[in-house]
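Written below as structure tokens is the structure these notes are about.
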Amino acid sequence: MNRENNLIESENISSTITNSAEKELSERHHLKARKEAPAAYPSRYDVPDDKVDWNKEYPEYKPEYFVAQSVLDNDHTKKAGGWADPEEIPLNKKYISSEGEIKLDENGRPRNPKGRTGIEGRGLLGKWGPNFAADPIVTRINPGSGGMEMLAIQRKDNKNWAIPGGMVDSGEKVTATLKREFLEETGVDLDMGDARQIYKGYVDDPRNTDNAWIETVASHKHLSTEIARKVRPQAGDDAQDARWMPITKENLKNFYASHEELVKKALADFYFNNTGQMSLELKKQIELLLE
Ligand code: RP5
């Protein structure tokens with residue numbers, strides 16, 4: 001095969017990979033938000049696949065209303081430094097969302113743009129409508145194995161492995177959240193200003209409800225061997241463990257919320273932009289992870 005054919009072939013593989021990561025992210029949306037929930041939540045009302053869409057008739061749909069006490073206790077109109085909205089909904093509020101226009105239900109509450117979840121109210125989420133998060137995906141090539149690794153944390157609340165992400169504080173810039181959360185959870189102080197944004201939008205978090213959900217900005221930064229050598233992760237804040245983790249199908253499968261799909265999106269973007277510089281082994285590894 002000549003050089004030109006080689007290039008065309010690698011561009012085809014890259015675009016197939018990018019498209020399949022994109023497809024997986026949108027198909028997997030809204031599965032955990034219907035089938036899983038934190039222990040404090042009441043059982044979710046059953047929402048079959050064909051009844052997710054708000055436009056589909058579902059007259060028997062009677063989800064329980066739930067708002068956690070920690071949310072009520074953090075009403076920012078009653079408590080200085082509180083991180084939650086008041087329980088009363090402001091009438092005709094316009095919600096800013098990455099998912100476009102947010103429709104309101106008959107009580108003036110924002111409706112989850114991905115459809116029914118089986119629970120009304122805010123659950124454990126502080127804000128009505130979108131709750132904004134940021135997810136820093138930091139990778140390296142393991143100098144010994146040559147395999148791709150990411151800096152992952154184990155969450156204290158549910159023991160799931162995850163990207164060291166977190167919620168955007170009021171008035172905070174997303175790049176600042178990416179850096180702050182990464183530092184708080186892994187102990188590593190990293191400039192995220194040059195990270196590549198690989199996703200912005202809804203995430204399939206088990207805390208999501210019909211009226212409150214998480215939207216994230218996920219950014220990827222790949223560290224050179226030299227920089228990565230100086231990085232010594234140490235769990236902090238909401239993390240009980242932090243480490244360089246090999247990116248394998250097995251490890252990704254058990255990741256929290258939409259994190260498997262976010263990491264795959266970062267890999268697809270990395271593959272697309274670095275095909276020329278990658279070893280054959282690394283290319284194979286990424287292709288296998290994304291197939
Ligand atoms: C996930 O929840 C987001 O992708 C982000 O990683 C995380 C933010 O929530 P906390 O880690 O602050 O609980 O859906």
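The numbers here are math on the coordinates, done by the rules we state, and not lab data. Because the structure is a prediction, the values reported are computed rather than measured. All Cβ positions, glycine included, derive from the backbone under ideal geometry; neighbour counts span all protein chains shown.
Observations on the model:
- Cross-link partners of residue 56 among lysines (Cα-Cα below 22 Å; sequence separation of 8 or more within a chain): 32, 35, 103, 114
- Listing 184, 101 from fewest to most neighbouring C-beta atoms within 10 Å gives 101, 184.
- Straight-distance crosslink candidates among aspartates and glutamates, where the alpha carbon sits under 12 Å from residue 51 and sequence neighbours closer than 8 are dropped: 60
- In the chain, helical runs assigned H by DSSP with n ≥ 4 each contribute -39500 (n - 2.57); averaged across all residues and rounded to the nearest 500, the mean residue ellipticity at 222 nm is -9000 deg cm²/dmol.
- Residues residue 36 and residue 250, FRET efficiency given R0 of 30 Å [Cβ-Cβ distance, rounded to 0.05]: 0.90
- Each part reduced to its alpha carbon centroid, the stretch 215-251 and the stretch 111-142 end up 20 Å apart.
- The chain shape via C-alpha gyration tensor axes, a/c threshold 1.5: prolate
- The ranking of 229, 109, 207, 155 by Cβ neighbour count inside 10 Å, starting from the fewest, reads 229, 155, 109, 207.
- Cα-Cα over 22 Å, subset of 156/284; 79/200; 173/200: 156/284; 79/200
- Summarised in one figure, the compactness ratio Rg/Rh of the stretch 30-88, Cα atoms and Kirkwood Rh, is 1.09.
- For the stretch 186-242, the Kirkwood hydrodynamic radius comes to 14.0 Å, computed from all pairs of different C-alpha atoms.
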